[in-house]
Amino acid sequence: MSCSYIAYVDESGDEGFQFTNGSSKWFVISAVLVARDRELTEVKLVDDVRDQINAIRLPQHRIPDKKPLHFRDLKHEARKYYSTKVGAAQLKLVSVCIYKPDLTSPEVFQKEFRLYFYATRLLVERISWCCRDHTRKNLPGDGSVEIIFSNRGYMDYRAMCGYLERLEADPAAHDYRADLNVVKSSQVQTMSPGKRMGLQIADAVAASTYFALESNDFGQTEDAYLRAISPRLYRQNGEPWGYGMKLMPKEAEEKRRRGELIISLAQ
């Protein structure tokens, strides 16, 4: 039986720790969840956004129909429009946001792929909870989710799937909290954004979240995009923190609660 949901995953920021030499302080990995029977309808928002952008551009500056839409390549007003469309779609969003300077054992996460794998683990847990919590009557499929990662040329996805398999084999020992009726390492794959439009939306969600967290050269952040997509964040009992927006490590979450880290989700 086929999966009931599809989760598209992309990231923003980098995994480096050379903060005085160009490394980002934040690493964000995001998922866009859509019911399989709604996918074709919902991902068309990418074409709608491209059409609206092209309608106000000179012919020589228009984005070709088959070219993936990259959020970072757009100007501010186009980004706002794109994020507003995402915020109005029938999607669920999950982001794991890691503030690297607060990690108490940074040397552990400087090993190859370690930070990415750990962030993925936290993301997959929340993907499973979200799909479980939003299962509806007469939903086609077996209730599980297919997870599609945006292909990064240097990433060892076989190793990542092996990591998830180890977690699945003994979840108690690893304190792995994913609902294993919903997520399975055998249902993980990678594709290029040009192959699946849902990955282009995941790119927009990850970048929207990143811009709200990472300061620019003037010490400023831009939260308009995150506020626009916030209605689609996964929530439990109306609470997005820890669910649709997971901050790590715990020191970062504590700063948010004390008001030292201001992240606005209000529209």
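Annotations for the structure displayed:
- Sole residue being within 17 Å of Pro193 (Cα to Cα) and charged (D, E, K, R), chosen from Asp14, Asp51, Asp73: Asp73
- For Leu33, the stated conditions do not hold, so it cannot be described as under 17 Å from the mean Cα position of the chain (by Cα), farther than 20 Å from Gln189 by Cα and surrounded by 12 or more Cβ atoms within 10 Å (Cβ to Cβ).
- When segment 123-150 is filtered for residues that are of a type in the set (A, V, I, L, M, F, W, C), part of a helix (DSSP H, G or I) and closer than 14 Å to Val96 by Cβ, the ones remaining, listed by number, are Leu123, Val124, Ile127, Trp129, Cys130.
- Those helices (runs of 4 or more DSSP H) of segment 165-267 in which at least 3 residues are touching a residue at least 24 places away in the same chain (Cβ under 8 Å) and surrounded by 18 or more Cβ atoms within 10 Å (Cβ to Cβ), considering only elements entirely within it, cover 197-213, 224-229.
- Residues located in segment 43-55, provided they are of a type outside the set (D, E, K, R) and either surrounded by 11 or more Cβ atoms within 10 Å (Cβ to Cβ) or modelled with pLDDT under 95 (or both): Val43, Leu45, Val46, Val49, Gln52, Ile53, Asn54
- Filtering Ser83, Ser24 for residues that are touching a strand residue (DSSP E or B) at 6+ places or on another chain (Cβ under 7 Å) and of a type in the set (Ser, Thr, Tyr) leaves a single hit, Ser24.
The values are calculated or read from the model by the stated rules, or taken from the named source; none is laboratory data. Bear in mind that the values here come from a model prediction, so they are computed numbers and not experimental data. Positions of Cβ are generated from backbone atoms using ideal geometry, with glycine treated the same way; all protein chains shown enter the neighbour counts.
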